[in-house]
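Undergrad: My questions will all concern the structure given below.
Read-outs throughout are calculated quantities, based only on the coordinates presented, and are distinct from any laboratory measurement. Note that the structure is predicted; figures quoted are calculated from it, not measured. Because the Cβ atoms are built from the backbone with ideal geometry, glycine has one as well, and the counts that use them run over all protein chains shown.
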Amino acid sequence: MNNPIPEFRVNPIMVLLLSVITCGLYLIYWNIKVAEVLNEVAEKEVISFPIAIFSGCCMPVNLYFYYLAGKECLPKVYERIREKNKDQSVLLLVLGFLFPMVAAMIVQGDINKLYD
């Protein structure tokens with residue numbers, strides 16, 4: 001259960017800034033790295049590489065990415081860090097549609113707790 005997790009610790013504010021500065025291109029890289037971490041935590045491939053890439057440039061895939069992260073992956077993160085389990089799929093889905101960079105900040109903040 002405690003497999004080594006790839007390290008991807010980024011300040012959530014930096015996710016926002018780099019996303020704005022690169023007009024969203026940073027989010028493609030971020031999606032790939034986050035998918036690696038979340039898949040390792042879930043101990044299976046929940047978010048595939050193509051979904052991670054296309055979610056950076058295709059809105060329906062982006063919504064699916066955040067839904068999977070909130071529904072299937074983040075509960076495993078909370079379990080691993082011994083935090084109360086919460087389903088953030090709807091929140092991330094709405095934010096992913098309206099403000100994807102804010103949804104990314106929430107996911108990154110939860111991932112960072114793995115390394116504390």
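Undergrad: Just list whichever of 33/84; 76/113; 84/113; 44/84 have alpha carbons separated by over 18 Å in the model shown.
TA: Pairs exceeding the cut-off: 33/84; 44/84.
Undergrad: Right, another one. Can you list, largest first and rounded to whole Å, the semi-axes you get for the chain by taking the square root of 5 times each eigenvalue of its Cα gyration tensor?
TA: Ellipsoid half-lengths, sorted descending, are 20, 15, 14 Å.
Undergrad: Evaluate the distance, in nm, between pseudo-label points positioned 7 Å from the Cα of residue 115 and of residue 23 along their respective Cα→Cβ axes.
TA: Using points 7 Å along Cα→Cβ, the separation is 2.9 nm.
Undergrad: Which GluC sites (Glu not before Pro) from region 38-103 combine a DSSP loop assignment with at most 10 other Cβ atoms within 10 Å?
TA: Here the sparse-neighbourhood loop sites are 43.
Undergrad: By Kyte-Doolittle mean hydropathy of at least 1.0 and Cα axial length of at least 27 Å, which whole DSSP H helices of the chain are selected?
TA: On the way: long enough: none.
Span-like helices here: none at all.
Undergrad: What range in the chain is the longest one free of trypsin sites (Lys or Arg not before Pro) that are in a loop by DSSP and have at most 15 other Cβ atoms within 10 angstrom?
TA: Counting only loop sites that pass the neighbour cut-off, the longest clear stretch is 45-81.
Undergrad: Over the chain, calculate the relative contact order: mean separation of alpha carbon pairs under 8 Å at least 6 apart, over the residue count, as a percent. Can you show the working numbers first?
TA: On the way: 152 pairs, mean separation 34.9, N = 116.
Normalised by residue count, the contact order of the chain is 30 percent.
Undergrad: Further, regarding this structure: What's the FRET efficiency of residue 91 with residue 7 using the Cβ-Cβ distance as r and R₀ = 35 Å, to the nearest 0.05?
TA: Calculated transfer efficiency: 0.85.
Undergrad: May I pose another question? Only helical DSSP H runs with n ≥ 4 go in: add -39500 (n - 2.57) per run for the chain, normalise by residue count and round the 222 nm mean residue ellipticity to 500 deg cm²/dmol.
TA: That comes out to -19000 deg cm²/dmol.
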